[in-house]
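Every number here is computed from the coordinates shown, using simple stated rules; none is lab data. Note that the structure is a prediction, hence the values are computed from the model and not measured. Quick reminder, even Gly has a Cβ in these numbers, built from the backbone with ideal geometry, and neighbours come from all protein chains shown.
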C-alpha cells in the first residue's frame, strides 16, 4: 500500500525479516513489523499512575492526571477491558491535541545550534551549522513549506489579520473576504513585476487560493502579505508614536509653559511686593511726617487759640464790666431822679389835698350855718357813691398787687439773666434760650404796660366819677343847709374818700416807677446781648 511513496522503502530482504524503512528529514529509520501493533497497545502501568495520583504534592498529582487521560480504546484488545488506556491511544490523543493547539495558534520554533566544537566565541563553523539544520529538519521543513501552501487561515481570521492592507476599499463591499483576496493578489503581482500586464489567473500568479472555509497562501505570498501588513502597521505605529510623542511633547511644552508662567508670576509677584512695600514705606513716611507736622501745628494752634480766647474773654469781661458800671451808675442816677420826682409829686399832692381839705372844712362850716334840711336822701346817695369808690379802690389795689407781684417775678428773672450774661463763655443754645426769655419778658412787659394803662384809665374814670359826685355834693350843699350832724357826717365821708384816693395814687405811682425800672433794665439787657453778639 505504501510502496509507491517516495519516503517508504522495503527491500525483499527487509520484507523477509518483517522490516521497512521510512526516510525522514533527519535520515532513514528502520522499523520492525513483528509485534508493532501489540507493542503500541500495551497498557500503561497502573501502579505508576496510581502512585502519581495518590501523591501528597499537588504538582505530582497533576502529572498523574495528565499521564492517565482515561480515554477508551476503540481497538479489539485481547483480554483487556475496553476503557483502559494504551500507549498507542495515548500517543494518538496527544498528537490530536497537539494538532488542535497548533491550528489555534501561530507557533514559532527556536532551534539552538552549536557554532563550533570548542564552544569559543566568534568562531562560526558553517558546515557544522548546515549539518545541524539538516539533521534537525529545518531545511526539509522550509522546502516543504515552500513547495505547498504553507499558511492557511480561516476566512474570518484572514480578514481580521489582513484587513489593514485594504481598509479603505473594504468599507464599501459586502463580501470582505473575496475583495480582500483580490486586492492583496493584485498588490503582490504589482510588487513582483510593476511593469508587467495583469495575468489572466491573478490568484495563481500571486500564490493565493481561496477555499470554502480557508484561504491558502504560498510562502512568497505570505511574505509579501506580512510585509504589506508590517508596513501598514509600522505606518500606524509611526502615527501612533507620533501622536504619543506629540502628546508627550505637548505635555512637556505645557508643563514648561506652566513653569515659565509660574516663574514669571513669581517674579512679577516679587517685584509687585517690592513695589508695594516701597509704596507702603513711602506712604508711611508721608503719614508720619504729616502727623508730626500736624501735631506741631496743632500745638501752636492750641496755644494761639487759648491766648486768643483768653484775650477775647478778658477784653469782653472788661468791656462788660465797664458797660455794667456805666449802666449801674445811670441806673442809680435814674433811681435818685425818680425818687426826687416822687417826693416832689407827693409834696404837691399833699399841698393840693391840704388846700382841698381846708376848702371843704370852710364849706362845712358854712353849711352849719345854713337851714336845717332833711339829709337822709342825700346820705343814701353819698353811701352808694362811697361804696362804688371803695369797690373801685379795691379793684385798683388788686390790680396793683398783681402787677407788683408780676414785676417782682420779672425782676428776679432779669437778675437771673444778668448773672447768666455775666459769664465769660455762653454757648449758642443758651444765648438762643436767653434771647427767647428776653423776648418773652418784653412781651410780658408790654402786657404789664397794657394792664397799667387799663388801671390808669380806670383811675381816670374813678376820678371823673369822684368829680361828678363832688359836683353833686356841692349842688346839694347849695340847696340844703342842713344841721350840724349831717354836715359832720359829710365831712368825715369826704375825708375818708380823700384818704382812699391818696392810697390809690401812691400805689399807681409805685407801679409806674416799677414799670419804668423794668423797662430800663430790659433795655440794658438788650444792649448787653447786642454787644455779646
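Between residue 340 and residue 307, how high is the FRET efficiency from 1/(1 + (r/R0)^6) when r is the Cβ-Cβ distance and R₀ = 51 Å? Nearest 0.05. Intermediate results must be reported in sequence, preceding the final value.
On the way: r = 49 Å, r/R0 = 0.96.
My answer for the efficiency is 0.55.
Give me the extension gain from residue 142 to residue 66: residue separation times 0.36 nm, minus the current Cα-Cα distance, reported in nm with one decimal. Don't jump to the answer; show the numbers that get you there.
Numbers: separation 76, 0.36 × 76 = 27.36 nm, distance 3.29 nm.
Length difference between fully extended and current span is 24.1 nm.
Quick check for you: which residues of segment 186-211 have the amide N under 16 Å from the point 7 Å beyond the Cα of residue 168 toward its beta carbon?
So the set is 187.
Can you sort 21, 348, 215 so the residue with the fewest Cβ neighbours within 10 Å comes first?
Neighbour counts put them in this order, fewest first: 348, 21, 215.
With a cut-off of 8 Å between alpha carbons and a minimum separation of six or more residues, what is the relative contact order of segment 148-217 in percent?
Values: 65 pairs, mean separation 29.5, N = 70.
Dividing the mean separation by the residue count of segment 148-217 yields 42 percent.
What shape does segment 148-217 have by the C-alpha gyration tensor, where a ≥ b ≥ c are the square roots of the eigenvalues, rounded means a/c under 1.5, and otherwise prolate means a/b greater than b/c and oblate the rest? Working shown, then result.
Values: a/c = 1.96, a/b = 1.23, b/c = 1.59.
Because a/c hits 1.5 or more and a/b fails to exceed b/c, segment 148-217 counts as oblate.
Given a Förster radius of 51 Å and the C-beta distance between residue 220 and residue 51 as r, what FRET efficiency does 1/(1 + (r/R0)^6) yield to the nearest 0.05?
Details: r = 53 Å, r/R0 = 1.04.
E between residue 220 and residue 51, to the nearest 0.05, is 0.45.
Relative contact order for segment 93-228: what percent, with Cα pairs under 8 Å and sequence separation of 6 or more? Walk me through the intermediate numbers first.
Working: 108 pairs, mean separation 31.8, N = 136.
Result for segment 93-228 is 23 percent.
Can you sort 342, 328, 162 from fewest to most other Cβ atoms within 10 Å of each residue's own Cβ?
If I rank by nearby Cβ atoms, fewest first, I get 328, 342, 162.
So between residue 333 and residue 19, what do we pick up on full extension, going 0.36 nm a residue minus the alpha carbon distance?
Numbers: separation 314, 0.36 × 314 = 113.04 nm, distance 18.63 nm.
Once the chain is fully extended between residue 333 and residue 19, it gains 94.4 nm.
Which order results if 178, 338 are arranged by neighbouring Cβ count within 10 Å, fewest first? Display every interim value, and only then the final one.
Numbers: 178 12, 338 16.
Fewest-to-most Cβ neighbours within 10 Å comes out as 178, 338.
Rounded to the nearest 0.05, what FRET efficiency do residue 454 and residue 295 have when you use their Cβ-Cβ distance and R0 = 56 Å? Could the numbers behind the result be given before it?
On the way: r = 68 Å, r/R0 = 1.21.
Here the calculated transfer efficiency is 0.25.
Can you pull the one-decimal nm distance between simple spin-label points at residue 281 and residue 250, each 7 Å off the Cα toward Cβ?
Here the modelled spin labels are 4.8 nm apart.
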